[in-house]
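Input: a single structure, listed below in structure tokens.
We did not get these values from a lab; they are worked out from the coordinates using the rules stated. In this text the structure is predicted, and so the values were computed from the model without any measurement. Here the Cβ positions follow ideal geometry from the backbone for every residue, glycine too, while neighbour counts run over all protein chains shown.
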Amino acid sequence: MLNDNIKTQASCADDFDSEAITVETARQKILAKITPITATETLTLHQSLNRVLAQDVISTTNVPGHTNSAMDGYALSGDDLPDVTPRQYSVIGTAFAGRPFKDPCHAGQCVRIMTGAAMPAGTDTVVMQEHSETVSDTQIRISAGHITGQNVRQAGEDISKDSVVLTKGHYIQAADLGVIASIGIGEINAYRLPRIAFFSTGDELRSVGDTLGTGDIYDSNRYSLHGMLSQLNVEIIDLGIVKDKLEDMRQAFKAASSNADLVITTGGVSVGEADYVKDVVEEMGKIYIWKIAMKPGRPITFGQLGNATFFGLPGNPVSVMTTFYQFVIPAIQRLSGQADCTPLTINVICNSDLRKRAGRFECQRGILSLNEAGQLTVCATGKQGSGILTSMSRANCLILLDEVCDGIEAGDSVTVQPFSTYL
Ligand code: AMP
Ligand code: MG
């Protein structure tokens, strides 16, 4: 449900809020509102890692280009293989990778062949060197039991000419660079990187290096945000700390939205007297979502500022990270032109009892590890308060507990979202 009446008071303490939408509904609404970047740029392969393809990559060649040997051994015709008793063959030459043997091979003959060498005319089968017996410099013996076509890589068996190798919207990984190089292509078309501006809000915030007065705290959100953004390959615009003052906020939002595709703020989205973020965004743009049934994470605001998409994340350091994982990452992926924006989740056995009340989706902090049987299991990090940032630092995953879950007993299966593919 889109909320038009954003002045309605939210209570962060309640587990149930009839106006709050579910995490999944929110994610779908967010993705539906985002217009992917269409501007493209040409990049060399070395520049292409972690970029999104703006065009299908189509092969103009077969890979491998020639049928070739998968082993060091002897190439011959499968029709000429021994049936029952061993047979002797004349070795008429040698084929190397990159140095083919040009003459045809006839019955009773074979060609010494190295891995990767093109199969000589008249041959379709390779007998491994270890399965042959040397009789003399020019004669070998082979026993029965071989199969026509063995140890041969067919032309085009990896990639066939004219096939689509990678599709538009693909997020380019290391193996893709090798695949693209294998078809002789040195440049690709990628979408330009999204520009992401962010700032922290709060009169109490000081930068690292400043002296803290009574009630002041260091701004940690800008650092965790910078870290999470850096892992996504985006252009980062750090706009620092903005005071809880209407005019300062207006200036900051103006600067951010005129330079960025996405603007992220932290703090100032509750219903406190100094929480101006929502008011200013309403005045300068539009708010689409502001209540999501999620803990920690409420309140969070999603909207539009001119051409920029806007996320007003909560101030609590843990909430910043949990909402970033649930909503901002998929939004950035969509913005980047990526075809798939589904977060990786896996089901594992939970080794801890987890307290939870039904009504809200919860992201608890978990530690995934391998048990003695080599299976992944998860345990909770301990205290789960939204101000306990060390729980996030100890964690390597989020334990995702859906709205209906009313607690987990050790031994139950839970869904987790790993922070990376390393434990
Ligand atoms: P707010 O949403 O602005 O009311 O902030 C909620 C809580 O998060 C308050 O305790 C803030 O002091 C804290 N907080 C807000 N921004 C930051 C920040 N950038 N770094 C650390 N804590 C913050
Ligand atoms: Mg604040």
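So is Thr138 more than 14 Å from Ser69 (Cα to Cα), free of Cβ contacts under 8 Å to residues at least 12 places away in the same chain and not acidic (Asp, Glu) or not? Talk me through it step by step, then tell me what you get.
Working: more than 14 Å from Ser69 (Cα to Cα): yes; free of Cβ contacts under 8 Å to residues at least 12 places away in the same chain: no; not acidic (Asp, Glu): yes.
Criteria not met by Thr138.
For region 268-352, the strands (runs of 3 or more DSSP E) that sit wholly inside it and include 3 or more residues that are out of contact with any Phe, Trp or Tyr (no Cβ under 8 Å at 6 or more places or on another chain) are 346-350. Applying the criterion of at least 1 residues that are within 30 Å of Gly178 (Cα to Cα), of a type in the set (Lys, Arg) and in contact with a Ser or Thr (Cβ under 8 Å, 6 or more places away or on another chain) to the strands (runs of 3 or more DSSP E) found wholly in region 35-140 leaves 109-113.
Evaluating Ile264 against the criteria (1) touching a helix residue (DSSP H, G or I) at 6+ places or on another chain (Cβ under 6 Å); (2) closer than 19 Å to Ala197 by Cβ; (3) within 12 Å of ligand 1 (Cβ to nearest atom) leaves one unmet condition, (1). Residue pairs whose Cβ atoms lie under 6 Å apart, sitting 6 or more positions apart in sequence or on different chains, and linking a residue in region 267-283 that is within 16 Å of Leu205 (Cα to Cα) to a partner that is more than 7 Å from ligand 2 (Cβ to nearest atom) and of a type in the set (Lys, Arg), are Val269/Lys278.
Looking at Asp248, Asp210, which is the one that is surrounded by fewer than 20 Cβ atoms within 10 Å (Cβ to Cβ), more than 24 Å from the chain's Cα centre (by Cα) and within 16 Å of ligand 2 (Cβ to nearest atom)?
The unique qualifying residue is Asp248.
The set of residues in region 232-254 being free of Cβ contacts under 8 Å to residues at least 12 places away in the same chain and in a loop (DSSP other than H, G, I, E, B) is empty.
Can we say Phe361 is under 27 Å from Asn233 (Cα atoms) and in contact (Cβ under 8 Å) with a residue 12 or more places away in the chain? So Phe361 fails the test.
Apart from one condition, Ala144 fits all of (1) among the aliphatic types (A, V, I, L, M); (2) part of a loop (DSSP other than H, G, I, E, B); (3) in contact with a Phe, Trp or Tyr (Cβ under 8 Å, 6 or more places away or on another chain); the exception is (3).
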